[in-house]
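J.: Take this structure first; my questions come after.
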Amino acid sequence: MELFSNANDFLLWVRGDAFNIALSIFVIGVIIRVLEIVLLGRKKEYSEPRGSEWGPGLKNIVSRSVADSGTFKRAPFVIVVGYIWHICFFIVLLLFVPHIELIHAMLGIKWPGLASQFIDASTVVAIAAMLGMLWHRLTHPVLKFLSTYEDYLVWLVTFLPLLTGYIAFHRMIAPYPLALGLHILSVELLMIVFPFTKLMHAITLFIARWYTGATMGRKGIES
Amino acid sequence: MTSALDITKGINALKEQIDAPTAAFFSSCVHCGLCAEACLFYTETGDPRYTPIYKVEPLRRIWESEYTLFGKLKKILGLAKPVTDEMLAEWEPLIYDSCTLCGRCSMVCPVGNDISAMIRKVREGMVAADHAPEGLIGASTRAIKIGSPMGVRLKALKAQIGHIESDTGLTIPIDVEGADYLALLSSMEIINFPEYIESLAKIFKQADVSWTLSSEAFEATNSGIQIGCSDIARELVQRVVDGAEKLKVKYVISPECGHAYTAIRWDGPNLIGRAYSFKVVHILELLDELQQSGRLKTSGSLDKKLTFHDPCQLVRKGGVEAQPRRLLEQVASNFIEMNEHGNMNWCCGGGGGVSANERADELRIKVFNRKKTQLQEINVEVMVTACANCRLVLEEGLEENNMDIPVIGLSELISEHLVEDGEKNE
Amino acid sequence: MNKKTLFELLQQQGITRRGFLKYCTALTSLMALPPAMIPTVAKALESARRPSVIWLSFQECTGCTESLTRSHSPTVEGLIFDYISLDYHHTLQAASGAAAEHAREQAMKDNYGKYLVVVDGSIPLADPGYSTIAGISNLDMLNETVAGAAAVIAVGTCSAYGGLPHAAPNPTGAVSVSSLIKDKPVINVPGCPPIPTVITGVLAHYLTFGSIPELDELGRPKVFYGQSIHDRCYRRPFYDKGLFAETFDDEGAKKGWCLYRLGCKGPMTYNACATLKWNQQTSWPVESGHGCLGCSEPNFWDAGSFYQALSIPDGDYARAAGYAAAAGVAVGAAAGFVHQKTKSTAVAQHSEISVDDFSLNKD
């Protein structure tokens, strides 16, 4: 840590300038990416619609969260672990009180948090799920074949905040400002990488699901 | 003589195809691999190259390098993977031989990506880059030059009509101006399943439907859609539109064919850039409507254990799912669904031009295993479907697997159970 | 020089041997030494000679001295402090002017190499004129005095880390002792002010062992600064259960729930407040209902609002996000326009394909 005279300076930097830099990159990047998508637009549709677009589009945003039974039987690991990971991740992200404080400070909204042992357990499960997904990606013929450096980068920058968060919570690195600083820094890394990678799916999947739901809805297809 | 089609045109065509949904789809894919599990070409071969999202890699590369700032930067820095002629040559079998555009992947993708729509887009690029398969080029050429992908001419249709009229005493109207309905046919029906024409005549007679065929626009199929060339597809759609408008019909009936329906019903108006002056209905929609309104009456039913094979283009691309089931309820007493049916049905393996692409025959027979497994699970005696192409592919696959299950068209089944004139008077 | 030992001095003050041993026991445990060491500590203290201490006060508020001297009743800690030979402390000593400076010089001369220097307050580097004593700049006085010292004890956050004078924008260019003194041991005893027991504990350690205690990476004695406030806080169970006070007078505050949401810096603060407490172990900030300010940590004045939770960034993130959003919309719209142009160009360049164009149809 040549850049910082002590861990507190480091924490001060990650909570100050570094956060502003990461937030700016995140906001600029996400807005650019979303505008790049929606401004491409769609061709005018001349065919006579059988159903509406908006309702089925919105419905598809929700219904795509549930896998069909056949796919579930064929790929239970991806679906089960995928669910576990996302649920645990959102529990940790949205229900840990220090995180709620951050959201409250930034967006002005808040809700009740969970006791630490639930957050702790969720973190452990999320970490285990991520390790499981990595193993799956490295061994499953399709995933091994499809995966590019980006998939592993995205895995890493998602994994680090969980790991550092766990370390900071359990104060496994001393002093604490270093542990907390590393956690916040790893989140900043995630924020910076987010707009340039498939982490964008967290936002664009709503657009993707809507378009597909709308296209199908227009034709009267249950999506 | 050099080809007018080349990689530059191919790349340009891919650029033309990218729209907001495409960009949203590529932005959202996390390589979860679930689309592979939805594709019979993967499930029956275990080859990861058949993963649907992998098949659209050429389009993804163009999207990234042309339609994202970050990708443009990568391109400037020389970090982008280009789309080359060699690449498209390598992808050609993935795009044409191992995809039936069945759209099952588009139903399964958890982020909602319509992958099969993107494969359809890649085909535009493949055509423009001269990487379409021989079988589909032949079909398209015949469709444009002769009027039918199978080379069926009006003369052949008239001969079939003659046979039917003399066998049954029914009248098959041709070029009747002012008729309500213009019925289209697929070449396969004319050549292989003329009983469809006979069924139409019987049903429409009973239901008192004013209908006609057109000598100028009898072919419903659209090879342009299958090969993935809007220019060719447009010309073929235009023929139908011209024929229908010339006869001033109110409706055009798409026959028992999957892609013909999506081509004329959904793609057609967009291809010609305007709405039609007539409505398009699938024959099953019309039969259902006739039955609902009491104009179509059936009696008795087929007691054999049977199942319905949903043609992909009808159910997943066309939105016709409830109609065949309502119709079957009337004429089949022992109807059973396959485990995955309706909009999750498995493709026969021959759609999307695959059955017209001889190069893919071996693979197509192999992946028929999916349907074979589905059938073995329920052990039926008869299969009903509503697409001549599905029917032919199913028959071939069943024969190949020594499975003695007859495949019949739903319209035909209905026509076999029409209430006779005598009964009607009761 | 006073030749009396500490024990003799204590006896003189009316402290019994029993009281002395009790103090030694407490001190031993305070210094995290095994109980077997109690006799050693007692023996060392009994025979310890008064060390000479020179106390330098630079940019400070005298709070640290107040902390040490504001004992309402005489304590053993107080007596330890009394026991040292405080040869120079310009706030406390009677002498003034040249006489005071003479006392310092004399002490340095008499105890060269053996005396302790205690510093409270930071040293201004921007302009020596910000703080001088007898016309001598703080920097000069520090260098001159430390030259013959055995060790330096930086008492209070200002001398340990720069403290309040160092807070942004740091107009005086204030720095800590340890940033200037590299050739002598420097023991940081931060806190604003530090706990009196900790100051005397450090002195006792030096008296007992003749060496400085083990220090952490911030130069603090590990025995006193080894654990965070959060880890030893009696309100910690509420943190773990997710029970927090959200205002200073809500139900949670009345029930004594965790003060994290009210900005408590306990999780990142290393000090002994939670165990040693203040004012004869009466209470300490968190017990009184206010979050820890983190006063014994470097840059605690600059670490954002005292009333803002530790997880909240302290930069002007709303402004950053605002600018970023504006930039994102501008660049995104421009990019969208460029992409539309790319597409319309591709559409314009489209030449209609006919079946005759296939190379297969040309042979």
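What follows is calculated from the coordinates using simple rules that are stated; it is not laboratory data. Computed from a predicted structure; not experimentally measured. Cβ placement follows ideal geometry from the backbone for every residue including glycine, while neighbour counts extend to all protein chains displayed.
J.: What is the helix-to-structure angle for C:97-110, meaning the angle in degrees between its Cα long axis and the longest Cα principal axis of chain C, kept from 0 to 90 and rounded to the nearest 10?
T.: Between the helix axis and the principal axis of chain C, the angle is about 80 degrees.
J.: Still on this model: When only alpha-carbon atoms count, how far does the range B:306-416 stretch along each of its three principal axes, as whole angstroms with the largest first?
T.: On the principal axes, the range B:306-416 reaches 41, 29, 25 Å in Cα extent.
J.: From the phi of every residue in the range B:374-381, what ³J(HN,Hα) in whole Hz does the Karplus formula 6.51 cos²θ - 1.76 cosθ + 1.60 yield, where θ is phi - 60° and glycine or proline is x?
T.: Along the range B:374-381, the couplings run 4, 6, 5, 5, 10, 6, 9, 9 Hz.
J.: Right, here's the next one. How are the Cα pair distances of the range C:229-302 distributed, in percent, across 5 Å bins from 0?
T.: With a bin width of 5 Å, the distribution comes to 3, 18, 29, 25, 17, 7, 1.
J.: With the convex hull built on the Cα atoms of the protein assembly as shown, state its orientation-averaged projected area in nm².
T.: Mean orientational projected area (the protein assembly as shown, Cα hull): 53.0 nm².
J.: Give me the distance between the Cα centres of the range B:312-348 and the range C:212-245, rounded to whole Å.
T.: 68
J.: Now a separate question. Report the antiparallel proportion of the DSSP beta bridges in the protein assembly as shown as a percent, rounded to a multiple of 5.
T.: Beta bridges within the protein assembly as shown, antiparallel portion: roughly 20 percent.
J.: By how many degrees, between 0 and 90 and to the nearest 10, does the Cα long axis of helix A:54-63 differ from the longest principal axis of chain A?
T.: 50
J.: Another question, then. Measuring from label point to label point, each 7 Å out along Cα→Cβ, what is the residue C:40 to residue B:195 span in nm?
T.: Calculated label separation equals 10.4 nm.
J.: Next question, about the same structure. Please provide three numbers in whole Å: the alpha-carbon extents of the range A:61-218 along the principal axes, with the largest listed first.
T.: So the three principal-axis extents are 53, 38, 30 Å.
J.: Between residue C:279 and residue C:349, what is the label-point separation in nm under the 7 Å Cα-to-beta-carbon projection?
T.: Result: 8.1 nm between the two label points.
J.: Run the dipole for the range B:272-426 about the Cα centre, Lys and Arg Cβ at +1, Asp and Glu Cβ at -1, nothing else charged, and hand back the magnitude in debye, nearest 20.
T.: Once rounded to the nearest 20, the dipole reads 720 debye.
J.: Give me the distance between the Cα centres of the range B:368-412 and the range B:51-119, rounded to whole Å.
T.: 33
J.: Separate question: Cα atoms only: what Rg and Dmax, in Å, come out for the range B:330-390?
T.: Both quantities, over Cα of the range B:330-390: 12.9, 41 Å.
J.: Mind jotting down the distance between the C-alpha centroids of the range A:150-168 and the range A:54-76, whole Å?
T.: 27
J.: Based solely on C-alpha atoms, express the radius of gyration and the Dmax of the range B:136-290 in angstrom.
T.: 14.4, 43
J.: I'd like the Kirkwood hydrodynamic radius of the range C:209-354, using the inverse of the mean 1/r over distinct C-alpha pairs, in Å.
T.: After inverting the mean inverse Cα-Cα distance, the result is 19.4 Å.
J.: Using θ = phi - 60° and the Karplus curve 6.51 cos²θ - 1.76 cosθ + 1.60, what whole-Hz ³J(HN,Hα) does each residue of the range C:241-252 get, with Gly and Pro shown as x?
T.: 7, x, 9, 10, 6, 10, 9, 6, 10, 7, 4, x
J.: Can you give me the relative contact order of chain B as a percent, contacts being Cα pairs under 8 Å and 6 or more apart?
T.: Here the relative contact order equals 16 percent.
J.: Could you tell me the relative contact order of chain A? Use alpha-carbon pairs under 8 Å, at least six residues apart, and round to a whole percent.
T.: Normalised by residue count, the contact order of chain A is 39 percent.
J.: With a sphere of radius 11 Å drawn around the Cβ of residue B:262, what net charge do the other residues whose Cβ falls strictly inside it have (Lys, Arg +1; Asp, Glu -1)?
T.: Its environment carries a net charge of +4.
J.: Starting from a Cα-only point model with no solvent, please compute log10 I(q)/I(0) by Debye for the range B:7-131 at q = 0.12, 0.14, 0.22, 0.23 1/Å.
T.: After summing over all Cα pairs, the log10 values are -0.41, -0.56, -1.32, -1.40.
J.: Shielding of A:174-186 by partners, i.e. mean partner chain Cβ atoms within 10 Å per residue?
T.: Mean partner-chain Cβ count within 10 Å for A:174-186: 4.
J.: Here's something else I'd like to know. Would you please give the residues with an amide H less than 5 Å from that of residue B:280, counting only those at least 5 places away or on a separate chain, with H modeled from the backbone geometry?
T.: B:252
J.: With +1 on each Lys and Arg Cβ and -1 on each Asp and Glu Cβ, and nothing else charged, work out how big the dipole of the range C:88-149 is about its Cα centre, in Debye to the nearest 20.
T.: That gives a dipole near 180 debye.
J.: Next up: Take peptides C:156-167, A:9-20 and line them up by average Cβ neighbours within 10 Å, highest first, as a rough protection proxy.
T.: Per-residue mean Cβ counts within 10 Å order the peptides as C:156-167, A:9-20.
J.: Okay, moving on. If I take every Cα pair under 8 Å that is 6 or more residues apart in chain C, average their sequence separation and divide by the length, what percent do I get for the relative contact order?
T.: Relative contact order of chain C: 13 percent.
J.: Shifting gears a bit: Over the Cα atoms of chain C, what Rg and Dmax result, in angstrom?
T.: 30.1, 122
J.: Enter the mean number of other protein chain beta carbons within 10 Å of the beta carbon of each residue in A:8-20, as an integer.
T.: For peptide A:8-20, the averaged partner shielding equals 5.
J.: Pairing the Cα long axis of helix A:97-107 with the longest principal axis of chain A, what angle in degrees results, from 0 to 90 and rounded to the nearest 10?
T.: 60
J.: Kirkwood hydrodynamic radius (Cα pairs, Å) of the range B:102-227?
T.: 16.8
J.: Given a Förster distance of 30 Å, report the FRET efficiency between residue C:288 and residue A:106 from their Cβ-Cβ distance, rounded to the nearest 0.05.
T.: Between residue C:288 and residue A:106 the formula returns 0.50.
J.: Considering every residue in C:317-324, what mean count of other chain Cβ atoms within 10 Å of its Cβ is obtained?
T.: Partner Cβ neighbours, averaged per residue: 6.
J.: A follow-up question, please. Please list, short to long, the whole-number percent of alpha-carbon pairs of the range B:225-347 in consecutive 5 angstrom bins beginning at zero.
T.: 2, 10, 18, 19, 18, 14, 9, 7, 3, 0
J.: Report, in deg cm²/dmol and to the nearest 500, the calculated mean residue ellipticity at 222 nm for the protein assembly as shown, where each DSSP H run with n ≥ 4 adds -39500 (n - 2.57) and the sum is divided by the residue count.
T.: Estimated from H runs of four or more residues: -15500 deg cm²/dmol.
J.: With only Lys, Arg, Asp and Glu charged, each at its Cβ (+1 for the first two, -1 for the last two), find how big the charge dipole of the range C:229-302 is about the Cα centre; round to the nearest 20 debye.
T.: Once rounded to the nearest 20, the dipole reads 240 debye.
J.: Please give the FRET efficiency for residue B:303 paired with residue B:373, using the beta carbon to beta carbon distance and R0 = 35 Å, rounded to the nearest 0.05.
T.: Step by step, r from the Cβ atoms, then E = 0.85.
J.: Can you check what the Kirkwood hydrodynamic radius comes to for chain B, Cα pairs only, in Å to one decimal?
T.: Computed over chain B, the radius equals 22.3 Å.
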